[in-house]
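Worksheet for the structure shown next.
The values are calculated or read from the model by the stated rules, or taken from the named source; none is laboratory data. Keep in mind the model is a prediction, meaning the values are calculated, not measured. All Cβ positions, glycine included, derive from the backbone under ideal geometry; neighbour counts span all protein chains shown. Heads up: the accessible areas ignore ligands, DNA and RNA and are worked out on the full protein's heavy atoms, side chains in. Shrake-Rupley method; radii C 1.70, N 1.55, O 1.52, S 1.80 Å.
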Amino acid sequence: MILQLITVLSLLPATSSRSIERTEKVETETWYLGMNLNPADGHVMGYTTGWAQDVFIGTYTDALTKDYLNRVIWRHPVSYIAIVRHQAGEVDAVKVFRFRESGRSLLSRFRDMNPGREVVTEGGPLQQSVSKNAQNMGDDPIFSVGGDLAFNWGYTDNGHRIVLMGGNLSPTGVNDDNTHGLGNDFHCNPHTGVPYSSHWPHEISNIQNCPNSLWSTSCKVQLQGSDAGLYKDVNLMSGPVYGNYAIYVSEDATSFPGPGQKLELEMEVEKKLKFFN
């Protein structure tokens, strides 16, 4: 955080002979890019890849165009998270949340898989900003449902890294393959992050009500993009890409630059506080 002090003299009404000194404190707070998900770059960031592994994925050059995970940022203690849907690095929509437990890294949170199913933020979004030109918002896994964020949502042999409480969240013992979000797998051990096969990972699935009991008759699971396992286009159906999804974290920032802003690896926001003497 960078602080800047600005002192201004303001006159009281004419009946007074003294002045008020007004001090403005400008705080510069920083967001850091921890992850980017592109559901159509040929790399599948399912439940078992990257999130809990303490690895670096991708490159700085392609950080906002392909799958990316910065292990340094992933290991840093943080208190706020922003999920940003963007088009070629331009903000399309953003939600900001406060973690219930501050000062923990994303790596430690995503490694906390047993029992998992943890609601990790509180109070709902601190900020929700959506471009007036944003498309495909009706079933977006982050922006079409409300509530707080939950991590490591596991049930039977299924796991989902990020979901919202306003979506359909399968009970622990119900194997219906009907929870959807970011970082998914329908055939893994959700308590250890170990895959059982390469058939069912998928990076991003949209909000829908399509339990596996209906797959043979009336529906298939609708994905964004084509990043999925061997059952892609059998029961996991490729679909339009609504955008890349970037995950930023901060120790102290409570707001994020809005729609139309160009993204960087680090994003700064200013907050002005006024004091009168």
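Hey, could you check region 26-44 for residues that are part of a loop (DSSP other than H, G, I, E, B) and closer than 19 Å to Gln87 by Cα and say which is least open to solvent (accessible area, probe 1.4 Å)? That would be Pro39.
Taking into account only those residues within region 147-157 that are in a strand (DSSP E or B) and in contact (Cβ under 8 Å) with a residue 40 or more places away in the chain, which is farthest from Val84 (Cα to Cα)?
Checked region 147-157; the qualifying residue farthest from Val84 (Cα to Cα) is Gly154.
Against the test of being at pLDDT 95 or above, open to solvent by 20 Å² or more (accessible area, probe 1.4 Å), assigned to a loop (DSSP other than H, G, I, E, B) and under 25 Å from Phe97 (Cα atoms), the options Pro141, Pro171 yield a single qualifying residue, Pro171. Taking region 184-218 on its own, how many of its residues are open to solvent by 30 Å² or more (accessible area, probe 1.4 Å) and hydrophobic (A, V, I, L, M, F, W, C)? Residues flagged as open to solvent by 30 Å² or more (accessible area, probe 1.4 Å) and hydrophobic (A, V, I, L, M, F, W, C) within region 184-218 amount to 4. Each residue in region 91-102 was checked for being free of Cβ contacts under 8 Å to residues at least 60 places away in the same chain and under 21 Å from Met267 (Cβ atoms), and 4 pass. When restricted to residues that are open to solvent by 40 Å² or more (accessible area, probe 1.4 Å), touching a strand residue (DSSP E or B) at 6+ places or on another chain (Cβ under 8 Å) and closer than 18 Å to Asp176 by Cα, region 233-268 contains 1.
The residue of region 164-209 that is nearest to Val44 (Cα to Cα), among those that are polar (S, T, N, Q) and in contact (Cβ under 8 Å) with a residue 60 or more places away in the chain, is Asn184.
For region 63-90, the set of residues classified as part of a loop (DSSP other than H, G, I, E, B) and open to solvent by 50 Å² or more (accessible area, probe 1.4 Å) consists of Thr65, Lys66, Arg75, His76, Pro77, Ala88, listed by residue number. Taking residues in region 226-243 that are of a type in the set (Val, Ile, Thr), and partners anywhere that are surrounded by fewer than 19 Cβ atoms within 10 Å (Cβ to Cβ), the pairs with Cβ atoms closer than 6 Å and at least 6 places apart or on different chains are Val241/Ala40.
Of the residues making up region 204-223, those that are touching a Leu at 6+ places or on another chain (Cβ under 9 Å) and under 18 Å from Asp140 (Cβ atoms) are Ile204, Ser205, Asn206, Ile207, Val221, Gln222, Leu223. Considering only residues that are closer than 24 Å to Asp54 by Cα and polar (S, T, N, Q), look in region 172-204 and name the one that is nearest to the chain's Cα centre (by Cα). If we take residues in region 172-204 being closer than 24 Å to Asp54 by Cα and polar (S, T, N, Q), then Asn184 is nearest to the chain's Cα centre (by Cα). Considered as a group, the residues in region 91-110 that are among the charged types (D, E, K, R) and within 28 Å of Ala40 (Cβ to Cβ) include one that is surrounded by the most Cβ atoms within 10 Å (Cβ to Cβ), and that residue is Asp92.
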